[in-house]
Amino acid sequence: MRHFITATLLALSFSASAATQVAIETSLGEFVVELNEEQAPVTTKNFLRYVEDGSYVGTIFHRVIPGFMAQGGGFDADLQQRPSYEPIKNESDNGLSNQRATLAMARTQVADSATRQFYINYQNNTFLDGRSGKPGYAVFGKVVKGFSVIEKMAAIPTTTVRSIGMKDVPQQPIVIKAINLINK
């Protein structure tokens, strides 16, 4: 019986540590996200495609709203939009909630429009979750290390770039310098 319990505990700890993690180095420091491939397989696969092709490098967190969220991955430091793969199916009904430190996909008003932009929640934003008949924003991971870097983003003053109609743009670009798979 003792061997069975030990083996079970080892299996559980292995599966927990086997979750895919990604290190994101920004101009403000590094943080690590853990992805939930089980509950958000389509969204996770999509995010990893951008990680693996290297196209997140050089993008910025272009929209930061203290007390709400920090959004990035879609624009370079000159606010030029980066090319995207095809939009993915919205997985906001996956049982994951927009809680503090979670990672979710940004999208337009069209439910299945998410491509490359993601955001990190500063607080519990459950109003972004899907509800019966109303799609939300798909959570697919969480920050497991370095959330203080995300908090530093909120301290940078923002501005409105009227020429392109973009609000809440950090006045000091927050650049993704490197993004790497830690384990898979």
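The values are calculated or read from the model by the stated rules, or taken from the named source; none is laboratory data. All figures in this text were calculated on a predicted structure; none of them were measured in a lab. So basically every Cβ, Gly included, is an ideal-geometry build from the backbone, and we count neighbours across all protein chains shown. Each accessible area value is taken on the protein alone, full model and side chains, heavy atoms only, with ligands, DNA and RNA left out. Shrake-Rupley method; radii C 1.70, N 1.55, O 1.52, S 1.80 Å.
Please indicate, with yes or no, whether at least one residue in the stretch 129-141 is more than 14 Å from the chain's Cα centre (by Cα), under 19 Å from GLN21 (Cα atoms) and not aliphatic (A, V, I, L, M).
The first filter runs over the stretch 129-141 and keeps only residues more than 14 Å from the chain's Cα centre (by Cα), leaving 129-136.
This time we only want the ones that are under 19 Å from GLN21 (Cα atoms), so: none.
Within the stretch 129-141, not a single residue is more than 14 Å from the chain's Cα centre (by Cα), under 19 Å from GLN21 (Cα atoms) and not aliphatic (A, V, I, L, M).
Only one residue in ASP112, ASP129, ASP78 is within 18 Å of ASP168 (Cβ to Cβ) and not hydrophobic (A, V, I, L, M, F, W, C), so which one is that? Please lay out each step first, then the result.
Values: ASP112 fails: within 18 Å of ASP168 (Cβ to Cβ); ASP129 fails: within 18 Å of ASP168 (Cβ to Cβ).
Answer to the check: ASP78.
Anything in the stretch 85-129 that is within 21 Å of THR26 (Cα to Cα), of a type in the set (Gly, Ala, Ser) and touching a Lys or Arg at 6+ places or on another chain (Cβ under 8 Å)? List them, or say none.
ALA101, the sole residue that qualifies.
List the residue pairs whose Cβ atoms are under 8 Å apart, where the first residue sits in the stretch 73-90 and is under 12 Å from THR115 (Cα atoms) and of a type in the set (Val, Ile, Thr), the second is open to solvent by less than 50 Å² (accessible area, probe 1.4 Å) and in a strand (DSSP E or B), and the two are 6 or more positions apart or on different chains.
ILE88/MET105
Please enumerate the residues belonging to the stretch 107-143 that are among the hydrophobic types (A, V, I, L, M, F, W, C) and either exposed (fewer than 14 other Cβ atoms within 10 Å of the Cβ) or modelled with pLDDT under 95 (or both).
Within the stretch 107-143, VAL110, PHE127 meet the criteria.
All but one of (1) farther than 18 Å from PHE47 by Cβ; (2) in contact (Cβ under 8 Å) with a residue 60 or more places away in the chain; (3) touching a strand residue (DSSP E or B) at 6+ places or on another chain (Cβ under 9 Å) hold for VAL139; which doesn't?
Status for VAL139: all satisfied but (1).
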